[in-house]
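Input: a single structure, listed below in structure tokens.
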Amino acid sequence: MKLNRSTLLGLASLALFSATIAHAAVGQLSCTSNTSTINANLSFYDLGLSNTLNIGSQSTGAGAGKVTFNPLEIHTAVINFAPFFQAAANGAPFSSCTLTAKTNGEVVEYKFSLVAISSLDAIARSPRTAEDKPASYLDVKLVFGAVEVKTSAGTDDGGSSGGWNVVKNQNQ
């Protein structure tokens with residue numbers, strides 16, 4: 001089978017377009033420290049909050065004065081390894097990180113404060129089956145002390161008057 005130049009360009013464009021769709025960013029992260037700013041497109045994010053149960057007085061005992069950090073895990077391109085590695089090696093926390101994502105047609109913005117990298121892993125694998133695709137990404141696990149959440153319309157699910165919905169660590 002002989003392919004001419006326009007057919008090859010068309011196939012290359014289709015492959016590039018398909019790759020763009022398959023790897024579309026689900027969000028963008030921007031983290032700022034005293035020494036640098038890291039910007040990254042994300043293919044995955046998972047954030048959580050935990051609420052520890054304190055029984056008895058918080059002024060004394062084992063539960064008094066402990067700060068609890070909450071998890072944030074992201075996947076980004078391996079090319080971002082160097083800046084995240086440098087930030088982890090420096091050991092200083094980010095003063096803030098902002099994660100912007102589009103969910104159900106609305107822009108959701110998460111503003112994190114007191115953010116530190118707990119681990120980072122560069123991950124790559126070859127296809128497991130003929131239908132599978134290779135994977136290569138950077139898995140960064142962060143922890144944060146507080147988060148504020150805002151939607152683009154300034155609305156929520158009816159639980160408050162809208163605008164910024166603030167969720168903070170109890171010990172902040």
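The values are calculated or read from the model by the stated rules, or taken from the named source; none is laboratory data. For clarity, every value in this text was computed on a predicted model and none was experimentally measured. Note: ideal-geometry Cβ built from the backbone for every residue, glycine included; neighbour counts use all protein chains shown. Quick note on the areas: whole protein, heavy atoms, side chains included, nothing else; ligands and nucleic acids left out. Shrake-Rupley method; radii C 1.70, N 1.55, O 1.52, S 1.80 Å.
Before moving on, here are some points about what is shown:
- Among the residues of segment 90-124, those that are open to solvent by 50 Å² or more (accessible area, probe 1.4 Å) and small (Gly, Ala, Ser) comprise 91, 92, 95, 105, 118, 122, 124.
- Subset tally (residues that are modelled with pLDDT under 90, surrounded by 13 or more Cβ atoms within 10 Å (Cβ to Cβ) and either closer than 19 Å to residue 46 by Cβ or hydroxyl-bearing (Ser, Thr, Tyr) (or both)) for segment 59-89: 3
- Elements of type strands (runs of 3 or more DSSP E) contained in segment 100-172, each with 1 or more residues being modelled with pLDDT of 90 or more: 106-125, 135-151
- For residue 111: the one exception among (1) closer than 16 Å to residue 27 by Cα; (2) in contact (Cβ under 8 Å) with a residue 40 or more places away in the chain: (2)
- If you go through segment 125-147 and keep only what is open to solvent by less than 40 Å² (accessible area, probe 1.4 Å) and touching a helix residue (DSSP H, G or I) at 6+ places or on another chain (Cβ under 8 Å), you end up with 138, 140.
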